[in-house]
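Contents: one structure, followed by commentary.
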Amino acid sequence: MMPGSLRAACVAVLRRDLLLAWRRRGDIALPVLYALIVTTLFPFALGPNDDLLARVAGGVVLVTVLLAMLLAFDALFRPDLEDGSLEQLMLAPQPLALLLGMKILAHWVSTALPLIVIAPILASMLHLPAHANAVLVLALLVATPLLSLLGSVLVALTAGTRRSGMLLALMLLPLCVPVVIFAAGAVSAAQEGLPWIAPIAWLGAALALMLILAPLACAAALRIAIDA
Amino acid sequence: MKWIPLWMHQLSSPPTFYRFASVLRPWCIALALILTAVGLYGGLVTAPADYQQGDAFRIIYIHVPSAEMSLFIYGVMAVAGFIAVVWRLKLAESVAMQSAPIGAAFTFITLVTGSIWGYPTWGTWWTWDARLTSELVLLFLYLGVIGLYHAFEDRRQGARAAAFLVLVGVINLPIVHYSVQWWHTLHQGTTVRLFGPSKMEADMLWPLLVMMLASKFYWAASLCGRVRTDLLSLESGKQWVRALAEREGR
């Protein structure tokens with residue numbers, strides 16, 4: 001691998017981000033803990049009725065994972081923006097979209113993957129049946145990268161601003177409505193014993209499209225937001 | 001026909017647009033007021049009551065024009081936003097950003113009147129129907145654009161970032177609409193069509209069309225006023241603003 005080549009640059013970005021995430025393992029645990037706490041609160045609010053909990057379990061876990069990801073989005077560009085390495089990436093001769101794609105991948109691995117691991121446990125705490133639980137994990141495996149990609153564009157837009165927490169939630173909501181509809185649709189179809197592959201296939205199609213478009217849009221947004 | 005691009009080019013300069021908007025605005029206000037008076041008279045007095053909904057249907061003369069405006073203004077914002085992102089034209093940034101609060105207001109009116117209309121006819125204030133949900137998402141889009149615009153310290157940079165968000169929303173809005181439709185629907189289908197026969201009596205239809213036209217003029221007047229003040233503050237250090245302030249200011 002030639003130093004300075006496209007592949008070397010991508011590997012370097014990916015390796016650096018994963019290493020940084022690994023060095024701060026405590027930060028990885030926080031979204032997981034958050035998801036656990038939110039899910040634990042639902043039985044207290046709705047009452048310990050097993051049938052009711054089983055009916056809402058899929059939706060609750062999906063929304064919880066989404067919110068946990070939303071909280072973690074701020075860390076996608078903020079540290080790099082503060083120490084100046086994001087500007088270096090923008091100045092690099094390699095295409096910015098590709099490097100950002102690597103950053104998004106690393107972010108997905110370090111925040112969404114632990115959430116996907118814990119999701120079936122949370123769902124079974126709410127008595128989601130086992131076969132629907134498998135569909136939930138499958139839906140999350142397709143929906144969370146999609147959310148990461150969509151969210152990265154918005155995080156890039158807010159990168160130059162001081163406060164972005166609530167604003168990001170407001171901006172993300174319209175984008176994640178279809179994702180939630182299809183992912184929750186698959187889980188509830190599986191729960192009722194109906195065919196559930198169609199919504200997952202739609203999510204997969206959207207993911208394939210976004211894998212190409214989102215890094216490009218993210219790069220364009222970042223160039224607008226950090227316009228020195 | 002060379003004068004059209006030349007005229008457009010001149011109009012895009014802030015001082016020229018400022019003068020143009022000053023001339024246009026009173027006419028738009030006058031037309032909007034007259035058309036609203038005519039449309040409301042037609043809608044509330046001369047149009048017959050609906051055979052099913054009685055007089056409750058008359059809220060359509062506010063609801064449908066606002067709903068149409070909420071989408072129309074988003075379209076205008078998208079075109080202006082595209083120009084702002086690609087060519088970085090100051091006027092386009094201003095038009096896109098000053099359209100957002102007007103559009104948000106029309107969207108809010110649509111939701112409120114729809115809810116008031118829904119209670120006597122559907123028996124509920126709110127339902128998670130496809131069109132209602134898409135309209136609510138549209139309101140969130142507008143609010144997101146306004147919020148992002150104000151989050152930046154540099155206003156022109158904020159305008160460009162928010163314009164980019166508008167473009168993302170343009171792609172997203174049809175997806176939201178169809179996915180929600182797939183999910184659940186109760187709202188009636190299209191009644192008024194531009195092409196082909198409408199499914200509405202002429203007596204009921206003409207006030208609606210007049211109201212739609214009136215809301216366009218109101219929007220034009222409001223936008224002229226907003227863009228004028230915005231240009232003044234954006235260009236506050238420039239010569240033409242100073243000359244204007246010396247001539248008119250006290």
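Taking Cα atoms, how many degrees apart are the long axis of helix A:96-107 and the longest axis of chain A, rounded to 10 and kept between 0 and 90? On a 0 to 90 degree scale, this one is about 40. Largest GNM mean-square fluctuation across A:Gly193, A:Gly160, A:Gly151, computed for chain A with C-alpha springs under 10 Å, falls on A:Gly193. Within the listed set B:Glu235, B:Glu135, B:Glu93, the Gaussian network model of chain B (springs between alpha-carbon atoms below 10 Å) gives the highest mean-square fluctuation for B:Glu235. Is the shape of the protein assembly as shown best called rounded, prolate or oblate, per the rule: a/c under 1.5 gives rounded, else a/b larger than b/c gives prolate, else oblate, with a ≥ b ≥ c the square roots of the Cα gyration tensor eigenvalues? It is oblate, given that a/c is not under 1.5 and a/b is not larger than b/c. Remark: region B:135-147, residue by residue, has Karplus-estimated 3J(HN,Hα) of 5, 5, 5, 4, 4, 5, 4, 4, 5, x, 5, 5, x Hz, where x stands for each Gly or Pro and the curve is 6.51 cos²θ - 1.76 cosθ + 1.60 at θ = phi - 60°. Using only the C-alpha atoms, the convex hull of region B:28-231 corresponds to 124 Å³ per residue. Averaged over the residues of peptide A:149-159, the number of Cβ atoms from other protein chains lying within 10 Å of each residue's Cβ is 3. Measuring nothing but alpha carbons in region B:1-116 and taking Rh as the Kirkwood radius, the Rg to Rh ratio lands at 1.10. Taking other Cβ atoms within 10 Å as a rough exposure proxy, A:His127, B:His63 sort from fewest to most as A:His127, B:His63.
Among A:Ala190, A:Ala45, A:Ala72, whose mean-square fluctuation peaks in a Gaussian network model of chain A (Cα, cutoff 10 Å)? Per the Cα network of chain A with a 10 Å cutoff, A:Ala45 tops the list. Placing one equal scatterer on every Cα of region A:108-195 and applying the Debye formula, the log10 ratio I(q)/I(0) at q = 0.18, 0.20, 0.24 Å⁻¹ is -0.85, -0.97, -1.17. When both region A:120-165 and region B:45-87 are represented by their alpha-carbon centers, they are found 35 Å apart.
Projected onto their three principal axes, the Cα atoms of region B:116-165 cover extents of 48, 16, 11 Å, largest first.
Going by C-beta contacts inside 10 Å, put B:His9, A:His107 in order with the fewest on the left. Ordered from fewest to most neighbouring Cβ atoms within 10 Å, B:His9, A:His107 come out as B:His9, A:His107. Here B:Glu153, B:Glu248 are placed in order of increasing Cβ neighbour count within 10 Å, fewest first, which gives B:Glu248, B:Glu153. Each part gets one Cα centre, and for region B:129-163 versus region A:30-105 those centres are 22 Å apart.
Computed over chain A, the convex hull of the alpha-carbon atoms projects to a mean area of 13.0 nm². When the Debye formula is applied to the Cα atoms of region A:58-136, each taken as the same point scatterer, what base-10 log of I(q)/I(0) results at q = 0.21, 0.26 Å⁻¹? Debye curve over Cα of region A:58-136, log10 I(q)/I(0) at q = 0.21, 0.26 Å⁻¹: -0.92, -1.19.
Rg/Rh for region A:1-100 (Cα atoms only, Rh after Kirkwood) is 1.18.
Per-residue 3J(HN,Hα) values for region A:70-85, derived from phi via the Karplus relation 6.51 cos²θ - 1.76 cosθ + 1.60 with θ = phi - 60°, read 4, 5, 7, 4, 4, 7, 5, 10, 4, x, 5, 5, 6, 8, x, 6 Hz in sequence order (x marks Gly and Pro).
Every number here is computed from the coordinates shown, using simple stated rules; none is lab data. Quick caveat, the model's predicted, so the values are computed rather than measured. Neighbour counts run over all protein chains shown; Cβ positions are idealised from the backbone, glycine included.
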